[in-house]
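Comments concern the structure below.
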Amino acid sequence: MKFSTLVSFFERLEETASQNEMTEILAELFGKASESDIDIVCYFTLGTIAPGYAKVDLGLGEKTVIAALARASGRDEEAISRWVRDRGTLSALAADIEIPWKEEYRDSIAVENGLRVEDVHDALMRIATASGSGSMKKKKAVLGALLAAADEKERYYITRLATGTMRLGAGERTLLDGMSHAVSGSKEHRPVLEHAYYTCSDIGHVANILKRSGISGVKRIRVSLNRPIRPMLTQRVGELAEIVGKISSERIAAEEKYDGERIEAHKDGDAVRLFSRRLTDITGQFPDVVEAVRSGIAATTAILDGEVVAYNAGGGTYQPFQQLMHRRRKYHVKEYAETVPVRYMVFDLLYLDGNSKMCFSYPERRAHLKEILTPSELLTLSGMKVCTSAEEIRDAFLSNLKRGLEGVICKSCATDSMYEPGNRSWQWIKWKKEYENGLTDTLDLVIIGATAGKGRRSGGFGSVLCAAYNEEEDVFQTVCGVGTGFSDEELEGLPEKLEPHTLDRKPSRCQVRNRTEPEFWFSPEYVVEVLGSEITKSPAHTCNWDEGEKRGLALRFPRFIRWRPEKSPEQATTAEEIARMYRQQGNRETRWPRRR
Ligand code: ATP
């Protein structure tokens, strides 16, 4: 496909705010793309160049792109920087500026009949993989050549791809809907496509298989080592006793609930890779866990699911989540591995010696896991007690609290208790200490805007506008503005932290009532944990908007608790969960929750 054709689809996607229209445009795009470029078309549409787990980083900061533009256009960097300030964005400037073609560029890029999608991808991959001394020079040279080969509109989108500011308004789910529409004229295949995507985490691969082998081919997509599987998620209930009715099996496994970081470990012979909740490769952060998995798992190949917690082995005590955050670093990793020791609490086995275990029942998976895991200070099977009544679950829960844990995760032991990638399943239900006191759970919300600060806060932000994710519509809907709970330091740092994601208008996937529009807009990127007193109906917020009543659901008295860097915007609390929490609140007395 010509890159200019793809650009015309991008323009159409940006012109509409209707998810249905986007789905149709994406279906048409799927039809136009070929087997050889459909994967790239998908990555570019989502503003990336490869699946997230592939660790492909262009390494192009704004400064580098400015330098490349200056060199290629023959202007000086200072003038370019000034222009960027005037034009507002680097991509707008890149579209405006003239970049003459030079014969020497032929070594970097083939342009006989205009740029093809593969040419752009190939150039961007060369930029990403340039390493060692002289790599910056090479990156700038390839980018300059690519921009010189492009026309005005192409330059606009190439610069957005290069600077990570693409965000067309079509999210992953809309893209999957588009793929379903392309082959069936409806969204009927979305669940199959979603399951395949959650199993392999590569939307380009799913699209490619769909193109080549149709939906039956997609159904055959299996787990593979070194491609993360979306973690299975837990449901919540209003009362502990409800767990017994919701989980249909007679026997319920009440597992210890840890407050750490979800990590999926892939063991491939002696090589071990660790993936985060966002499916990014975080192997480098936990050399101790890598070694523990390598030596403590008696299998040639395996995929484990579990939680890494900060742990004081001497005292046998679990440390707060904040401790673990010290391990989130690129540098001084070894030093911190000693000062903040961790333990990997493994609770599931998804793959063993060449075979997926996801279709096996929970008791079977656990039995296999027990067989292959040799416990050590750094690696342990999660604690678990099989229960048959709410009383027994409560006992397990209270015993966990005494040992400094957060609560229980109750899991079905039924014969059909399969591992459901990415699904918030009723097979797994969490019960945390906060719920016990009749308190509302925290929400994980996405920042999409901010109001200007007044008085003591003038010059900074007064509050941030937060949204939940509506999975069905693939949009973000507002729930509250949060101005309290931030430390002075955090509040001061907010403008700088959010600046790279600033937009000059409402982000296209966000639904906001006019009266709630903030002064500043941000593309959905940061997830924050927020605590409130209760969920109420409100005319100001769009979450679960009821057109008849002209009200949505809002969080009252929200306060910031912590950043959730391990969550992607689509992993924020969903509108559906908020609706359920609203119903579960019922007449229950809600009290102001304690801070963690
Ligand atoms: P969610 O994961 O439901 O989106 P969250 O990230 O705020 O929400 P919690 O509400 O604290 O997390 O609880 C669910 C999480 O608990 C799981 O995603 C997992 O990371 C963690 N967890 C801890 N112990 C277990 C366990 N034994 N089994 C499954 N998950 C566990």
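The values are calculated or read from the model by the stated rules, or taken from the named source; none is laboratory data. The model shown is predicted, which means the values in this text are computed figures rather than measured ones. When we count neighbours, we look across all protein chains shown, and the Cβ atoms used for this are built from the backbone with ideal geometry, even at glycine. Note: areas computed on protein heavy atoms with side chains; ligands, DNA, RNA excluded. Shrake-Rupley method; radii C 1.70, N 1.55, O 1.52, S 1.80 Å.
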#### Entry: Dimensions in Å of segment 48-163 - Rg and Dmax from alpha carbons
13.3, 38
### Message
If each residue of separation counts as 0.36 nm, what is the full-extension length gain between ASN355 and GLU24 once their alpha-carbon separation is subtracted?
### Response
115.4 nm
### Summary
With a Förster distance of 35 angstrom and the Cβ-Cβ distance between ALA17 and ARG424, calculated FRET efficiency to the nearest 0.05 equals 0.80
### Query
If you take the beta carbon distance between LYS506 and SER36 as r and set R0 to 35 Å, what does 1/(1 + (r/R0)^6) give as a FRET efficiency, to the nearest 0.05?
0.45
### Query
If you wrap a convex hull around the Cα atoms of segment 442-586, how much volume per residue is inside, in Å³?
106 Å³
### Query
Which whole-number value in Å² is the accessible area per residue of the chain, probe 1.4 Å?
43 Å²
### Query
Tell me, what HN-Hα J-couplings in whole Hz come from the Karplus equation 6.51 cos²θ - 1.76 cosθ + 1.60 at θ = phi - 60° for each residue of segment 237-250, using x for Gly and Pro?
10, x, 9, 4, 4, 5, 4, 4, x, 6, 8, 6, 6, 5
### Summary
Scalar couplings 3J(HN,Hα) for segment 561-567 by Karplus 6.51 cos²θ - 1.76 cosθ + 1.60 (θ = phi - 60°), nearest whole Hz, x for Gly and Pro, are 10, 6, 6, 10, x, 7, 10
### Task
Could you list the square roots of 5 times each eigenvalue of the Cα gyration tensor of segment 98-243, that is, the equivalent ellipsoid semi-axes, sorted largest first and rounded to whole Å?
39, 20, 16
### Task
Report the label-to-label distance for ALA241 and GLU496 in nanometres (one decimal), using points 7 Å from each Cα along the Cα→Cβ vector.
5.4 nm
### Relative contact order (percent, whole number), segment 48-163, Cα cutoff 8 Å, 6+ residue spacing
40 percent
### Summary
With DSSP loop assignment and no more than 11 other C-beta atoms within 10 Å, the GluC sites (Glu not before Pro) in segment 53-123 are GLU98, GLU112
### Query
What is the distance, in nm, between label points placed 7 Å from the Cα along the Cα-to-Cβ direction at GLU250 and at SER135?
6.0 nm
### Task
Give me the number: length gained by fully extending ARG222 to GLU112, i.e. 0.36 nm times residue separation minus the C-alpha to C-alpha distance, one decimal in nm.
35.6 nm
### Query
Hey, what do the phi angles of segment 340-353 turn into as Karplus ³J(HN,Hα) couplings, whole Hz, using 6.51/-1.76/1.60 and θ = phi - 60°, x for Gly and Pro?
10, x, 10, 9, 9, 8, 8, 10, 8, 10, 9, 7, 8, 6
### Query
the chain: Rg/Rh from Cα coordinates, Kirkwood Rh?
0.97
#### Entry: Dipole in debye (nearest 20) - segment 233-435, about Cα centre, beta carbon charges: Lys, Arg +1; Asp, Glu -1
440 debye
